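Taking it in order: structure first as structure tokens, then the write-up.
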Amino acid sequence: MELTTTELSEIKQLISFPKGFTIITHRNPDGDAIGSSLALKLFLEKFGHTVKVILPSDYPGTFHFLDSIDLCIVYDTEKAQAKQAIDQAEVIVCLDFNSLDRIDKIGPLVQDSRAKKLLIDHHLDPEPFADYVFSDIHASSTCELVHRFILDLGEGDKLDPKIGEALFTGLITDTGSFKYATRPETYETAASLKRIGVDDYTLQDKIFNTVSEKQMRLLGHCLYNRMEVIPEYGAGIIALTKEDYVEYDIQRGDTEGIVNYLLMLKGISVAAFIREQPTIVKLSLRSKGDISVQEICRNHFNGGGHKNASGGAAYAKLEDIVNRFKKVLPKYVKKRP
Ligand SMILES: [Mn+2]
């Protein structure tokens, strides 16, 4: 969904006088959620706006280096400030999610707010809660769309290396360093950000080469002790138990990216990373080509996301979820001879 010329000029009008903006992104914010939010904050501040960013839950330490990240309001621990930021907002911008249940208890607050609402996102099926919707499911990332949005406003000259660094973060995290979900515009965005001075080598180093010893050993454990391969369906599964969580002292973010190792196996095109949390079992699915893990998640695991990267959760036993995944596989993947 593109913004019409009329909508763009209305947004230009909104931006032209100092206002209170509140930017909200999804729970468990990733590089794209955080990068797009901070980039838009830094951009809007150049017009004299007061800009608050609300994250429903805390962000991974990896992104500490991003400019202004320490100013984000984390709803889980700063509820009063988050509520105030929504109350005082004249414009609410929702980034990298498109249904209000992705922001938990903040959802109803956003729903009830009388602020103008703008949504910029690249996930399937946006809910109609915003006044302005810029949604493109073919975009690599919300960061790619925020960059487009800034250019469409005719404000490309406001881009600077700090904004560029935040945007580039979303490009590389949502595409696995340009390995998937790219299109020509993705590289054009990267090129234009590099041209304004983004140091992408340092950025990649800061984002990816910060694994702790604990995480590296956890990865080893997952691959050596918890991995199951189902060659006839080209599938791989890693399932972590509650006990693993204790033994490896697994914190939010520690398991990030582990699912992708399964897809490095020759002949594997569907990957499931399933973990047993205190009350719920969560799963992340990845796939290659035409296999839609989005459908699998939507139909069987109360979730969704993208065609090749989705997630879900269910109140059940770990082994039941593993078995359910195995059971539904034949519906989505052809058996191999
Ligand atoms: Mn994204």
Quiz item: Can you put Lys288, Lys162, Lys52 in order, fewest other beta carbons within 10 Å first?
Solution: Lys288, Lys162, Lys52
Exercise. Could you work out which residue, out of Ser68, Ser284, Ser135, moves most in a Gaussian network model of the chain, that is, has the largest mean-square fluctuation with Cα springs under 10 Å?
Key: Ser68
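How would Ser36, Ser310 line up from fewest to most surrounding beta-carbon atoms within 10 angstrom?
Values: Ser36 32, Ser310 24.
In order of increasing Cβ crowding within 10 Å: Ser310, Ser36.
If each residue of separation counts as 0.36 nm, what is the full-extension length gain between Asp131 and Ser9 once their alpha-carbon separation is subtracted? The partial results should precede the final answer.
Values: separation 122, 0.36 × 122 = 43.92 nm, distance 1.36 nm.
Extending this stretch completely gives an extra 42.6 nm.
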Quiz item: Roughly what angle does helix 142-152 make with the longest principal axis of the chain, taking Cα atoms, 0 to 90 degrees, to the nearest 10?
Solution: 20 degrees
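Could you give me D for segment 137-193, from Stokes-Einstein at 10 °C and 1.306 mPa s, where the hydrodynamic radius is the Kirkwood radius over C-alpha pairs? Units µm² s⁻¹, please. Write out the running numbers ahead of the final one.
Numbers: Rh = 11.1 Å.
Roughly 143 µm²/s, to the nearest whole number.
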Quiz prompt | Total formal charge among the other residues, if their Cβ is under 14 angstrom from that of Ser16, Lys/Arg +1 and Asp/Glu -1 | solution = +2
Quiz item: If you wrap a convex hull around the C-alpha atoms of the chain and split its volume per residue, what is the figure in Å³?
Solution: 136 Å³
Self-check item: Listed residues Ser287, Leu262, Ala235: farthest to the positive end of the dipole of segment 202-289 (Cβ charges)
Solution: Ser287
Self-check item: Order by protection proxy (mean Cβ within 10 Å, highest first), peptides 193-200, 53-60
Solution: 53-60, 193-200
Exercise. Give, as ranges by residue number, the residues of segment 85-122 whose backbone N falls under 18 Å from the point 7 Å along Cα→Cβ of Glu2.
Key: 119-122
Self-check item: DSSP-assigned coil residues among GluC sites (Glu not before Pro) in segment 1-67, each with at most 13 further Cβ atoms within 10 Å
Solution: Glu2
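Among the DSSP beta bridges whose two residues both lie in the chain, what percent are antiparallel, rounded to the nearest 5? Let's see the in-between values first.
Details: 19 of 46 bridges.
Here the share of antiparallel DSSP bridges comes out near 40 percent.
Just how large is the dipole of segment 21-80 about the Cα centre, in debye to the nearest 20, putting +1 at every Lys and Arg Cβ and -1 at every Asp and Glu Cβ?
Details: 5 positive and 8 negative charges, 44 e Å.
Charge dipole of segment 21-80: 220 debye, to the nearest 20.
Write out the chymotrypsin sites (Phe, Trp or Tyr not before Pro) in segment 255-337 meeting two conditions: DSSP loop, and at most 10 other Cβ atoms within 10 Å of their Cβ. It would help to have the intermediate numbers written out before the result.
Working: sites: Tyr261, Phe273, Phe301, Tyr315, Phe325, Tyr332; in loops: Phe301, Tyr315.
Taking segment 255-337 and a limit of 10 other Cβ atoms within 10 Å, the loop chymotrypsin sites (Phe, Trp or Tyr not before Pro) found are Tyr315.
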Practice problem: Set Lys and Arg Cβ to +1 and Asp and Glu Cβ to -1, take the dipole of the chain about its Cα centre, and tell me which of Ala85, Asn299, Pro29 lies farthest positive. | Solution: Asn299
Quiz item: Å³ per residue of the Cα convex hull, for segment 146-269?
Solution: 139 Å³
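If I take every Cα pair under 8 Å that is 6 or more residues apart in segment 5-208, average their sequence separation and divide by the length, what percent do I get for the relative contact order? Walk me through the numbers before you get to the answer.
Working: 378 pairs, mean separation 45.1, N = 204.
So the answer I get is 22 percent.
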Self-check item: GNM result for the chain, Cα springs below 10 Å: residue of Lys266, Lys19, Lys117 fluctuating most strongly
Solution: Lys266
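Summing +1 for each Lys or Arg and -1 for each Asp or Glu, what net charge is found among the other residues whose Cβ lies under 11 Å from the Cβ of Ile230? Mind dumping the intermediate values first?
Values: positive: Lys326, Lys335, Arg336; negative: Glu228, Glu232.
Once positives and negatives cancel, what remains is +1.
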Exercise. Determine the principal axes of the Cα atoms in segment 68-226, then give the extent along each, sorted from largest to smallest and rounded to whole angstroms.
Key: 50, 41, 31
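In what sequence do Leu14, Leu119 fall when counting other Cβ within 10 Å, fewest first? If you can, show how the numbers build up before the last one.
On the way: Leu14 18, Leu119 22.
Listed from fewest to most nearby Cβ atoms, that is Leu14, Leu119.
Bear in mind these aren't lab numbers, they're just calculated from the coordinates by the rules spelled out. What you are looking at is a predicted structure, and each value in this text was computed from that prediction instead of being measured. Here Cβ is always computed from backbone atoms with ideal geometry, including for glycine, and neighbour counts include all displayed protein chains.
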